[in-house]
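Asks: For reference, the structure I am asking about is given below.
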Amino acid sequence: MIRSDWSDWLVRDVEDADPGGVAIWYLGCNGFVLKGTGGTTVFVDPYLGLGDPPRTVRMIPVPFEPADVDEADAVLATHEHTDHVHGPSQAPILANTGGTFYAPGDSLAVAREDEAWTDQWAVTDDQLTEVAEGDTFEIGEFTVHVEAANDPDATQPVSYVFEHDAGTFFHGGDTKPCDEFERIGTEYDIDLAALAFGTVGRIPDKETREPTRTRWYNDENQIIECAAALECDRLLPSHWDMWKGLTADPTALQHHANSFDYPRRLEVVEIGDRVSLENTF
């Protein structure tokens, strides 16, 4: 069972919020909660696990316990890695709320086969819905578009574009620069983009446990390349806080972004922080 360092104040904060547009909370790692004016609540890549010490060591608090979540219309996963699809983090949310899990096929295989969510938790198979690049679906007041992502370490990565009357949010998962981003930036008016950022570090190999030079996330130049192609007004760096050896300083990105038209603003947040979409640009 997952235990939180913060008790339940964050999930109560989400439940009690009455946003004028879209409120977005950063959960650390690459996790987010979106809540719209009508109360639609969507979790994206929530991960509350501790990693696999000493290979992957969590560097931030566990912000809530999934069993405390009473309101969620959906949980979305961008790809099949453990810190994006994780039964102990996500299945209790689905069991408590009856929400739908949207994910690519390989991510669903983790839920159905590797972790047996329907056997281990009170999750039904009809709560698990496969999505693929090019799909569009509705979750309450959000229109969600499944778009391309470039994550060489994943087998079936996607990104998500959330459209709402208040603005548009892009979640790239662990994507690096992608040929499709210029098209996506032209097709959607992206107000806020969350993109994974981190350093290159030496992480023990999964099998040999020998320290190995590892690049899982965008470096300073790659993340600005992504943001510029997407033409996003605001860039929110994510994932930089999570793993020992791969943490980074997102404030340094200001120097890399200064000479580009996009992003227009750097949105630096910490775990538990809230930002908004309110058509301010």
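The values are calculated or read from the model by the stated rules, or taken from the named source; none is laboratory data. Every value quoted in this text rests on a predicted model; they were computed, and no experiment measured them. No Cβ is skipped: glycine too gets one built from the backbone with ideal geometry, and neighbour counts run over all protein chains shown.
Asks: For segment 165-204, which positions are closer than 16 Å to HIS81 by Cβ and either at pLDDT below 95 or more than 15 Å from the chain's Cα centre (by Cα) (or both)?
Replies: Listed by number, the list holds a single entry, ILE203.
Asks: Is there a residue being over 22 Å from MET59 (Cα atoms), touching a residue at least 40 places away in the same chain (Cβ under 8 Å), not hydrophobic (A, V, I, L, M, F, W, C) and not in a strand (DSSP E or B) anywhere in segment 236-253?
Replies: As a first pass, look at segment 236-253 and keep what is over 22 Å from MET59 (Cα atoms): none.
Scanning segment 236-253 turns up no residue that is over 22 Å from MET59 (Cα atoms), touching a residue at least 40 places away in the same chain (Cβ under 8 Å), not hydrophobic (A, V, I, L, M, F, W, C) and not in a strand (DSSP E or B).
Asks: Residue by residue through segment 206-217, note down the ones that are surrounded by 12 or more Cβ atoms within 10 Å (Cβ to Cβ) and under 25 Å from the mean Cα position of the chain (by Cα).
Replies: Going through segment 206-217, the residues surrounded by 12 or more Cβ atoms within 10 Å (Cβ to Cβ) turn out to be 211-212, 214-217.
Those that are surrounded by 12 or more Cβ atoms within 10 Å (Cβ to Cβ) and under 25 Å from the mean Cα position of the chain (by Cα): THR214, ARG215, TRP216, TYR217.
Asks: May I pose another question? Given the conditions (1) farther than 19 Å from ASP45 by Cβ; (2) out of contact with any Gly (no Cβ under 8 Å at 6 or more places or on another chain); (3) in contact (Cβ under 8 Å) with a residue 24 or more places away in the chain; (4) not in a loop (DSSP other than H, G, I, E, B), report the number of the one that ARG209 does not fulfil.
Replies: Failing condition for ARG209: (4).
Asks: Now, a different point. Restricting to segment 254-281, count the residues that are buried (at least 21 other Cβ atoms within 10 Å of the Cβ) and not in a strand (DSSP E or B).
Replies: Of all residues in segment 254-281, those buried (at least 21 other Cβ atoms within 10 Å of the Cβ) come to 263, 277.
Okay, now just the ones that are also not in a strand (DSSP E or B), so 263.
The total comes to 1.
Asks: Also, I was wondering about something else. Can you say whether THR186 is among the polar types (S, T, N, Q), out of contact with any strand residue (DSSP E or B) (no Cβ under 8 Å at 6 or more places or on another chain) and in a helix (DSSP H, G or I), as far as the supplied structure shows? Reasoning before the result, please.
Replies: On the way: among the polar types (S, T, N, Q): yes; out of contact with any strand residue (DSSP E or B) (no Cβ under 8 Å at 6 or more places or on another chain): yes; in a helix (DSSP H, G or I): yes.
Spelling it out, THR186 is indeed among the polar types (S, T, N, Q), out of contact with any strand residue (DSSP E or B) (no Cβ under 8 Å at 6 or more places or on another chain) and in a helix (DSSP H, G or I).
Asks: Consider ALA116 carefully, then state whether it is at pLDDT 95 or above, on the phi > 0 side of the Ramachandran plot and in contact with a helix residue (DSSP H, G or I) (Cβ under 9 Å, 6 or more places away or on another chain). Before the answer, list the steps.
Replies: Numbers: at pLDDT 95 or above: yes; on the phi > 0 side of the Ramachandran plot: yes; in contact with a helix residue (DSSP H, G or I) (Cβ under 9 Å, 6 or more places away or on another chain): yes.
In short, yes.
Okay, residues lined up against (1) hydrophobic (A, V, I, L, M, F, W, C); (2) touching a Leu at 6+ places or on another chain (Cβ under 7 Å); (3) modelled with pLDDT of 95 or more:
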residue	(1), (2), (3)
ALA229	yes, no, yes
CYS232	yes, yes, yes
ARG264	no, no, yes
GLU278	no, no, no
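Asks: Please name all residue pairs, on different chains or six or more residues apart, with Cβ atoms under 8 Å, provided the first residue is in segment 9-32 and is more than 15 Å from THR78 (Cβ to Cβ) and the second residue is in a helix (DSSP H, G or I) and acidic (Asp, Glu).
Replies: Close Cβ pairs (under 8 Å, with a partner that is in a helix (DSSP H, G or I) and acidic (Asp, Glu)) amount to VAL11/ASP68; TRP25/ASP13.
Asks: What number of residues within segment 101-111 are outside any helix (DSSP H, G or I) and either modelled with pLDDT under 95 or closer than 14 Å to SER159 by Cα (or both)?
Replies: If we filter segment 101-111 for residues that are outside any helix (DSSP H, G or I), which is where we start, we get 101-104.
Adding the requirement that they be either modelled with pLDDT under 95 or closer than 14 Å to SER159 by Cα (or both) leaves 102-104.
Count: 3.
Asks: For a quick check of your reading: which strands (runs of 3 or more DSSP E) sit entirely within segment 9-100 and have at least 1 residues that are among the aromatic types (Phe, Trp, Tyr) and surrounded by 16 or more Cβ atoms within 10 Å (Cβ to Cβ)?
Replies: Passing ranges, in order: 22-26, 32-36, 41-44.
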